[in-house]
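> Once you've had a glance at the structure underneath, I'll fire off some questions.
The values are calculated or read from the model by the stated rules, or taken from the named source; none is laboratory data. Predicted, not measured: the structure shown is a model, and the values here were computed from it. Cβ placement follows ideal geometry from the backbone for every residue including glycine, while neighbour counts extend to all protein chains displayed. Calculation scope for accessible area: heavy atoms of the full protein, side chains included, ligands and nucleic acids excluded. Shrake-Rupley method; radii C 1.70, N 1.55, O 1.52, S 1.80 Å.
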Amino acid sequence: MRLSQLFFTTLRDDPAEAEAASHRLLLRGGFIRPVGAGIYDYLPLAWRTLGKIGQIVREEMDAAGASEMLMPALELT
């Protein structure tokens, strides 16, 4: 996919709420967007990056003979 076809926005200035360098870079680079207090959306660039990392990990796990499983966490109150 060409970068010109991908939806993303970047910021010129450092966000005021970002304290950590990684948080600041993710916001400025257009990987995440704040939705509420402590809640963030993955933007398409981050979603593609996570998918590619997941595929690499899956390939390495398959080569080692490991199995993949999903363990969702539920909070019961």
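> Of all the accessible heavy-atom surface of the stretch 29-77, with the other protein chains kept in place and a 1.4 Å probe, what percent is carbon and sulfur?
Its accessible area is 62 percent carbon and sulfur atoms.
> Which length gain, in nm to one decimal place, applies between L70 and Q55 when the Cα-Cα distance is subtracted from 0.36 nm times their residue separation? Walk me through the numbers on the way to the answer.
On the way: separation 15, 0.36 × 15 = 5.40 nm, distance 1.50 nm.
Full-extension gain reported as 3.9 nm.
> If you don't mind, another one. With the cut-off at 1.5 for a/c, could you classify the stretch 33-77 from its C-alpha gyration tensor as rounded, prolate or oblate? Could the numbers behind the result be given before it?
Numbers: a/c = 5.53, a/b = 1.42, b/c = 3.88.
Taking the square roots of the gyration eigenvalues as a ≥ b ≥ c, the stretch 33-77 is oblate.
> 5 Å is the cut-off here: which amide hydrogens, built 1.01 Å from N in the peptide plane, fall below it relative to R33, excluding neighbours closer than 5 in sequence?
Long-range HN contacts for R33: D41, L43.
> Obtain the nm distance between the two label points defined at I32 and R48 by a simple spin-label model: each point lies 7 Å from its Cα along the Cα-to-C-beta direction.
Using points 7 Å along Cα→Cβ, the separation is 2.0 nm.
> If you don't mind, there's one more thing I want to ask. Residue by residue, what Karplus-based ³J(HN,Hα) values in Hz, rounded to whole numbers, does the stretch 28-34 have, using 6.51, -1.76 and 1.60 with θ = phi - 60° and x for Gly and Pro?
Computed from phi, the couplings for the stretch 28-34 are 5, x, x, 8, 9, 9, x Hz.
> Using alpha carbon centroids, what distance separates the stretch 49-70 and the stretch 21-47, in Å?
Distance between centres, Cα-based: 24 Å.
> Rank-order 44-53, 62-71, 23-32 by packing density, defined as the average count of other C-beta atoms within 10 Å over each peptide's residues, highest first.
23-32, 44-53, 62-71
> Less than 12 Å Cβ to Cβ from R58, Lys/Arg counted +1 and Asp/Glu -1: what total charge do the surrounding residues give? Walk me through the intermediate numbers first.
On the way: positive: K52; negative: E59, E60, D62, E68.
Cβ neighbours under 12 Å give a net charge of -3.
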